[in-house]
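Bear in mind that the values in this text are calculations on the coordinates, not laboratory data. Just so it is clear, the model here is predicted, and its values are computed rather than measured. We place every Cβ from the backbone using ideal geometry, glycine too, and count neighbours over all the protein chains shown.
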Amino acid sequence: MKVLFLQSGSSGNCLYVETKHVAVLFDAGITAKQVALRLETNGYSLAKVQGVVVSHGHRDHIHYSGVYHRRLKLPIWVPRACRDWLAEREDFSPHAYRPGEILTIGNLRIETIPTPHDFPDSAAFIIDDGRNRLGVFTDLGHVFPDLEKHLSSVDALIIESNYDPEMLANGPYSPDLKERIRGPGGHLSNIEAAHCVKKWKQQYRWICLAHLSQHNNTPEVAEKTFRKVVGPGTPYIAEYYSVTRLPALD
């Protein structure tokens, strides 16, 4: 299983996962042109992509899904809460799933996991190719009861590490937006993410910290917090507009 973050963060999200037989995009928050260029630049082919799975309806995850369908001719899977909204605005009817269901695209088994993020039917993913299990846990809301069970079942992990509490408190956002981010429907902080992975760190092939805020976090602050809580070892970090190539899972 090959994993490539094409972009991560509030300006747009798109993750590429490839196996021997199939490739899938997770989230549609960057343009089709950017997807094609970033794949080609990194030695991958858009022709192998067989579908797009969207995690939830916020703009940075779903905005270009209609374009992917029209220009790239790809089938799109979205949470059920997004289907009618897209059908009205984009003039196409995507496949709808209920978080908790299992999707199958080629040889990939995709477990969709309900999260308490503040858009209806938000989902995280466990991607299983029959040999390896990759967890993709962003936009989680808060540390919900079933999260530990899912984190304990994967071989490699992508987890949001969205903000540093001090930077958020002293930053430029409005009080309402600050409360939304740190509230029960927002995002995990660096320290929350670090505590989530600490118990299971020995079983992961690698850990990637993702969905970092451009205004309330930095890669250096996220890594420092991770090391302080989890111990030695440097996580991979998906940064804003950078393409992040993660080690293959064989």
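A few comments on the model shown:
- For the chain, the calculated P(r), taken from all Cα-Cα distances in 10 Å bins from zero up to the bin holding the longest distance, is 8, 34, 39, 18, 2, 0 percent.
- Surface/4 estimate of mean projected area, convex hull on alpha-carbon atoms of the stretch 1-71, nm²: 4.3 nm²
- Order by protection proxy (mean Cβ within 10 Å, highest first), peptides 139-147, 228-236, 123-131: 123-131, 139-147, 228-236
- Cα centroid separation, the stretch 64-100 to the stretch 184-213: 29 Å.
- Lysine pairs meeting the criterion (Cα under 21 Å, 8 or more apart or interchain), as found in the stretch 2-246: 16
- Over the stretch 23-131, volume per residue of the alpha carbon convex hull, in Å³: 98 Å³
- Pairs of Cα atoms nearer than 8 Å and 6+ residues apart set the relative contact order; for the chain it is 19 percent.
- FRET efficiency, His215 to Glu148 (Cβ-Cβ, R0 41 Å, nearest 0.05): 0.85
- The chain, helix-only ellipticity at 222 nm - DSSP H runs n ≥ 4, -39,500 (n - 2.57), divided by all residues, nearest 500: -8000 deg cm²/dmol
- With only the Cα atoms considered, the stretch 109-250 has a convex hull volume of 109 Å³ per residue.
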